[in-house]
Amino acid sequence: MERYFSWYQLTIVFNSGPPASAWKSNASVFTKSVCRSGNHPIMNIILRIVPAAVLCLVVAIYLVYNIFFSVNFPFQDDFLLIQFIEAISGQQIGVEGLLTELFRTFNDHKAVVPRLIALIDYTLTGHLHFRFYIFLVLANIIYIFSFVFIQFRKMQLPLYYFLPVPFLFFHPLFHDISGWALNGMQHTFLTAFTVTAILIASGRVRGGFYLAMFCCFLATFTHGNGVLSFPAIIFYYLCLKDLRKAGLTVVFMVICLVIYLAGYESGQAVDLPKSIGSFTLSFFGFIGSGMSMWSYPETLSMLWGLVITAFMIYLIVKVLMGYFKKDVVIRTGTAELLTLFVFIAVTSFVIALFRSWTGSTLASRFQIYAALSTVIFYVFLVDYLPFFRKKGVLATILVLSVGYWAYSYYRYTGVVANKKTTYLADVYNWTTNKNMFSVEKSIIRNGDFYLSPAYAKGFFRLPAPVVAERQLDSMFAATPEGEDFKVFLETWTVERPLREGNEIMEMFFLTSHDAPAPRALLSDRFLVLRSRDDNRIHLMCANPKIEGRKKVFTGRGYFQPGFNTLLRSDDLSPGGYDLGVLDVAGHNAPVFHRLDRQLQVADGRISLR
């Protein structure tokens, strides 16, 4: 039988032409395993088109997924943008006042770039679009991914070696970035500015150094960690042995820090670690937290981060040996990807130093850096170690990557769906009662001086609620007798670390494991609470728990029967509440079930009767 293709070792020598003294990697010699299609152009086309089609499909799934679960609603830190517009729109504050508000410190950061985006949005449309900001976040995520792809293409490897990368990156591990407007803008814009600075620095364009410094400046005033883009660029110039530009970068970094620290106010979350163990766990766990979705998340994340960091240190030492050995050659793409990893590592060090006092820093809002670390690690393995270019090894890694990708969607879709349902509930709650349950009551009370005026003026605008209050009234009236869903109440004691001492909090979970029947994957389930004192009706997220992996992957459905609702001790005013469960699925008619139990709130305690 005729063979369609054979495998062999091919030595590739290429020279892209820049000055050898500045960039040795442009004349690199290395060995790669390459597929030769011979006289079979169809196979050659397949090997190019199929990986590209798979890449586009994975990205498309990711975009559709995040757009579906996004809601035009502000959550927690998003209130910063409302407060900013309220501060500058109420009076003629002038240029000085505008700059003061733009550069005001909030939660340890000067979020100038997100504020500017909100200002442009408000100027053009008259109100803020939080869902649009999430679209910007998704565009940034794709752009950051494209940076890795660009460096991979420089390595002259066939495209199919890149197949595991989109599966390792485009999944909901970092859902607090892809689904949270301000947090997403801060982390993705600062990373996008950093990779842009690296691309400009490596492009040797006229004035490129100053453009790279401007990108680092923008990163700094997007999120406080953005100032760490300067050390990353310093490292890049050191790789090129360009000591002059490395020194100038230090000067620009100092200038930027002086501007940043002017009027800086330390937030409540900043403190030194309580032990070297918590610091070490947070540092390596931050880098390796792509493993946090499995059992023993802290241990696995730390070990994975240690493996990644050890290999990166090996490559960094190999690159820096060029200062002592003239025959050391840097492969194309290596310095750029190492620079991005150095930025991630320095960010991990700073976060571990100042945030690990509260415990582990394995948080979704940071895990885009973990995903990038894993992707960079894989690309280097393929580039530097021939073992990872074997057909069987590639196939194994691809299967594991697809499994990892699928498990991430299984593991986090319940969390993402809960956030969407919570926001939809609060669209109704704020529109009807000027109330929210997605954040603690203290945040609403402290922010009411700008939230209420902003809503009255119209630039804090919400979409139409999924259900109207009169509909809910009629549902209660039409079902005077409640159903027995075997509802029970659990009380959890939660300890929250604060700098002045731990805060003890009580959480209540209202749960049923029996009914209603499992909700559809794309629907939303709400707990409906009607006050027996003033007849006000509130909505809360009541999505049930997810089924086990075996049942989900054998087609038994994603959600369990019943419902599950979290209540804080101060969420509801004292009194009694009639209860119901509401299912809403797109344009279909809502389905309502009245419960035969009532909720009683008194003295910070919640009970069933």
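See the values below:
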| item | result |
| --- | --- |
| Volume in Å³ per residue [convex hull over Cα atoms, computed for the stretch 468-518] | 163 Å³ |
| By average C-beta atoms within 10 angstrom, highest first, the peptides 76-89, 301-314 | 76-89, 301-314 |
| Segments 162-175, 510-523 sorted - mean Cβ within 10 Å per residue, highest first | 162-175, 510-523 |
| The chain: Rg to Rh, with Rh as the Kirkwood radius over Cα pairs | 1.00 |
| Between 0 and 90°, nearest 10: helix 297-320 axis offset from the chain longest Cα axis | 30 degrees |
| Per residue value of the accessible surface for the chain (all protein chains in place, 1.4 Å probe), Å² | 44 Å² |
| Only Lys, Arg (+1) and Asp, Glu (-1) charged, at Cβ; the chain dipole about Cα centre in debye | 2660 debye |
| On Cα atoms only, tilt of 367-384 relative to the major axis of the chain in degrees | 30 degrees |
| Surface share of carbon and sulfur [accessible, 1.4 angstrom probe, percent] for the stretch 50-415 | 71 percent |
| Of all accessible heavy-atom area on the stretch 466-608, the percent that carbon and sulfur account for (1.4 Å) | 49 percent |
| Spatially proximal lysines relative to Lys457 (Cα-Cα < 20 Å; intrachain offsets below 8 disregarded) | Lys434 |
| Pairs beyond 22 Å (Cα-Cα), from Lys241/Lys318; Lys241/Lys325; Lys486/Lys545; Lys110/Lys245; Lys420/Lys441 | Lys110/Lys245 |
| Ranked packing of 240-251, 378-389, 190-201, most packed first, by mean Cβ within 10 Å | 190-201, 378-389, 240-251 |
| For the stretch 466-608, average projected area of the Cα convex hull in nm² | 10.6 nm² |
| Angle in degrees between helix 334-355 and the longest Cα principal axis of the chain, rounded to the nearest 10 | 40 degrees |
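The values are calculated or read from the model by the stated rules, or taken from the named source; none is laboratory data. Every value quoted in this text rests on a predicted model; they were computed, and no experiment measured them. Every residue, glycine among them, receives a Cβ derived from its backbone with ideal geometry; neighbour counts consider all protein chains shown. The area values use the complete protein model at the heavy-atom level, side chains included, leaving out ligands, DNA and RNA. Shrake-Rupley method; radii C 1.70, N 1.55, O 1.52, S 1.80 Å.
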